[in-house]
1. Restricting region 169-205 to residues that are touching a residue at least 60 places away in the same chain (Cβ under 8 Å) and under 16 Å from the mean Cα position of the chain (by Cα), which is farthest from residue 143 (Cα to Cα)?
2. Residues in region 12-24: is at least one in contact with a Lys or Arg (Cβ under 7 Å, 6 or more places away or on another chain) and more than 26 Å from residue 249 (Cβ to Cβ)?
3. Which one of the conditions (1) touching a residue at least 24 places away in the same chain (Cβ under 8 Å); (2) within 29 Å of residue 4 (Cβ to Cβ); (3) of a type in the set (Gly, Ala, Ser) does residue 79 fail to meet, given that it meets all the rest?
4. Condition check: of a type in the set (A, V, I, L, M, F, W, C) and more than 22 Å from residue 149 (Cβ to Cβ). Does residue 115 satisfy that?
5. Would it be correct to say that residue 212 is assigned to a loop (DSSP other than H, G, I, E, B) and closer than 25 Å to residue 133 by Cα?
6. Checking residue 172 against (1) under 20 Å from residue 62 (Cβ atoms); (2) at pLDDT 95 or above; (3) surrounded by 20 or more Cβ atoms within 10 Å (Cβ to Cβ); (4) not hydroxyl-bearing (Ser, Thr, Tyr): exactly one of these is not met. Which one?
7. Quick one: which helices (runs of 4 or more DSSP H) sit completely within region 87-175 and have at least 1 residues that are β-branched (Val, Ile, Thr)?
Amino acid sequence: MRRPLMAGNWKMYKTAAETAAFFEKFNPLVANATHCDIVICPPFPNLTAAVEAARGTRIEIGGQNLYWAKEGAYTGEVSGPMLAGVGAKWVIIGHSERRQYFGEADETVLKKTVAALEAGLKPIVCVGERLEEREAGQTEPVLARQFQDGISPLAPELFARITIAYEPVWAIGTGRTATPEIASEAHRFLRGQVEARYGREAAAEARILYGGSVKPDNIKGLMAQVDIDGVLVGGASLDAASFAAIVNF
């Protein structure tokens, strides 16, 4: 059985004080949530506050991005060892907003994933199609390309340590959610890609999350799908009660 993973991506929201206040409310609400793994990814300046606030709980903290070099003259960037050094255990790589606004490409997704694994971090590697690609019937070719170029070059022992997140770009922050059936189709296709590259056992064990306007009122339908192993939550993870309701689905 694949253990569910419920991950919150705070994007560019919350100060350190707001981070501490969130965990004060959130921690008791999920104290009995032993059925899943819980990850929260705050902005870089709040990582230390989040790690401290989650100490003694089962909640783990992650970064939202990293650079592939360990150190160097890369103003504004953060390395894997830096994330690990402040207590982060996870990192999101290749989020659609990174691809859309900051030129993230499949090739850099691969380099960042390798760097994260070398630093002992657990990567959540994002893939997904844009609205115009879906309307043109290109969902599967886009996912295949992103998998082939950004994930499949990983050796099997490295692939076993990553989590994939399917996030249809047209459903992120738009209020439009892929129906559980639409999401499940994409997950099934991705699992097929995993099986073709890494074998049946790896495909059975790979965790694939869904991200895209996940809310307390649609989480049960999504998690009822056999190929959906958890969620990567944006806006709804900013409110303690809302994200707790998702975790406790």
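The values are calculated or read from the model by the stated rules, or taken from the named source; none is laboratory data. What you see is a predicted model; the values in this text were computed from it and never measured. In this analysis, Cβ positions are derived from the backbone assuming ideal geometry, glycine residues included, and neighbour counts consider all displayed protein chains.
1. Checked region 169-205; the qualifying residue farthest from residue 143 (Cα to Cα) is 173.
2. No.
3. Residue 79 satisfies all of (1) touching a residue at least 24 places away in the same chain (Cβ under 8 Å); (2) within 29 Å of residue 4 (Cβ to Cβ); (3) of a type in the set (Gly, Ala, Ser) except (2).
4. no
5. Yes.
6. Checking residue 172 against (1) under 20 Å from residue 62 (Cβ atoms); (2) at pLDDT 95 or above; (3) surrounded by 20 or more Cβ atoms within 10 Å (Cβ to Cβ); (4) not hydroxyl-bearing (Ser, Thr, Tyr), the one that fails is (2).
7. Hits in region 87-175: 106-118, 139-150.
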